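Written below as structure tokens is the structure these notes are about.
The values are calculated or read from the model by the stated rules, or taken from the named source; none is laboratory data. On a predicted model such as this, the values are computed, not experimentally measured, just so you know. Here Cβ is always computed from backbone atoms with ideal geometry, including for glycine, and neighbour counts include all displayed protein chains. For accessibility, only protein heavy atoms count, side chains too; no ligands or nucleic acids. Shrake-Rupley method; radii C 1.70, N 1.55, O 1.52, S 1.80 Å.
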Amino acid sequence: MKRSTINDIIRSSDDFIRSFGFLLPKFAYFTPETMIERRAELGGIIDARLGWDITDYGVGKFDEMGLFLFTVRNGDNAALKSGSGMLYAEKIMISRRDQISPMHRHILKAEDIINRGGAKLAIQMYESGPDGAIDDSLDVTVALDGITHTQKPGEILMLDPGDSVTLLPGNWHKFWGEGGDVLIGEVSTVNDDVTDNVFVEKIGRFSDIDEDEPPVHLLVADYDKWLK
Ligand SMILES: [Fe+2]
């Protein structure tokens with residue numbers, strides 16, 4: 001993706017999020033220069049990979065396959081292994097109309113996917129077989145705001161604003177905005193996007209960036225390079 005496109009997506013996404021009265025924390029608006037200057041005190045942000053995250057899954061067609069995310073908080077895997085401490089994470093995301101987040105499952109992460117406002121959120125789901133791959137003979141059972149719900153393999157769930165689904169490891173899911181753009185909340189177990197996403201298609205989780213202008217804000221994927 002071009003950096004200029006990423007900068008535009010950051011600006012328009014910030015406007016969209018604010019239109020629902022949801023505000024991002026102050027560190028969201030640090031410039032790259034501020035992050036470099038204040039690097040010593042930002043370990044909690046950088047190590048937990050909090051912040052802006054825009055992906056086209058390496059495919060190069062963001063409008064068709066892509067996702068805007070901002071990780072607001074995140075624990076660490078060591079706490080998860082010990083069973084106590086900061087075991088949770090929160091993201092705010094935007095799926096634009098018909099913009100696909102491709103079929104995937106998580107190995108460790110359980111996640112509540114919440115429609116925070118806008119259009120309907122469409123989620124297609126499958127269950128895993130014993131080898132972890134999609135088993136299209138199995139019905140899918142999930143909790144919808146605590147209420148058990150079973151649907152056919154590959155059926156599309158429609159979440160209205162305010163509604164959520166709890167996805168457990170092994171629940172395969174693909175989602176998009178249906179008829180418009182959707183603000184999505186995610187409340188989950190500790191999040192590790194480097195190791196915990198299993199996709200059906202051979203795609204990546206992060207984008208290749210063409211630096212055609214300076215970044216307005218760093219993406220999480222920039223931290224290793226910019227903030228050593
Ligand atoms: Fe997911």
(request) Identify, by number, the condition in (1) over 28 Å from Lys26 (Cα atoms); (2) within 16 Å of the ligand (Cβ to nearest atom); (3) of a type in the set (A, V, I, L, M, F, W, C) that Val182 doesn't meet. (result) (1)
(message) Name the residue that is farthest from Ile45 (Cα to Cα), counting only residues in region 161-179 that are away from the ligand (no atom under 12 Å from the Cβ) and not aromatic (Phe, Trp, Tyr).
(response) Gly179
(message) Taking the condition of being part of a loop (DSSP other than H, G, I, E, B) and in contact with a Leu (Cβ under 7 Å, 6 or more places away or on another chain), how many residues in region 184-211 meet it?
(response) 2
(message) Just the residues that are of a type in the set (D, E, K, R), touching a residue at least 24 places away in the same chain (Cβ under 8 Å) and open to solvent by 30 Å² or more (accessible area, probe 1.4 Å), please, taken from region 184-204.
(response) Asp192, Glu201
(message) Name the residue that is nearest to the ligand (Cβ to nearest atom), counting only residues in region 75-95 that are of a type in the set (D, E, K, R) and open to solvent by 20 Å² or more (accessible area, probe 1.4 Å).
(response) Glu90
(request) Could you list, in sequence order, all residues of region 124-143 that are among the small types (Gly, Ala, Ser) and open to solvent by less than 40 Å² (accessible area, probe 1.4 Å)? (result) Ser128, Gly129, Gly132, Ala143
(request) Quick one: in region 57-74, of everything that is modelled with pLDDT under 95 and in contact with a strand residue (DSSP E or B) (Cβ under 7 Å, 6 or more places away or on another chain), which residue is farthest from the ligand (Cβ to nearest atom)? (result) Val59
(request) Working only within region 1-34, note down all residues that are touching a residue at least 12 places away in the same chain (Cβ under 8 Å), farther than 25 Å from Gly58 by Cβ and either buried (at least 16 other Cβ atoms within 10 Å of the Cβ) or not hydroxyl-bearing (Ser, Thr, Tyr) (or both). (result) Phe20, Phe22, Leu24, Pro25, Phe27, Phe30
(message) So if I check each of Asp135, Asp98, Asp145, which one is among the acidic types (Asp, Glu), away from the ligand (no atom under 16 Å from the Cβ) and within 28 Å of Gly60 (Cβ to Cβ)?
(response) Asp98
(request) Name the one entry in Thr71, Thr5 that is within 20 Å of Asn191 (Cβ to Cβ), polar (S, T, N, Q) and outside any loop (DSSP other than H, G, I, E, B). (result) Thr71
(message) Any residue at all in region 117-126 that's more than 13 Å from the ligand (Cβ to nearest atom) and within 24 Å of Gly51 (Cα to Cα)?
(response) yes
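Quick grid of which residues meet (1) free of Cβ contacts under 8 Å to residues at least 12 places away in the same chain; (2) part of a strand (DSSP E or B):
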position: Thr150; (1), (2): yes, yes
position: Gly154; (1), (2): no, no
position: Pro169; (1), (2): no, no
position: Glu213; (1), (2): no, no
position: His217; (1), (2): no, no
position: Lys228; (1), (2): yes, no
(request) Working carefully through the options Leu108, Leu67, find the one that is within 17 Å of Asp193 (Cβ to Cβ) and open to solvent by 50 Å² or more (accessible area, probe 1.4 Å). (result) Leu108
(request) From (1) open to solvent by 70 Å² or more (accessible area, probe 1.4 Å); (2) in a strand (DSSP E or B); (3) under 25 Å from Gly58 (Cα atoms), pick out the condition that doesn't hold for Leu121. (result) (1)
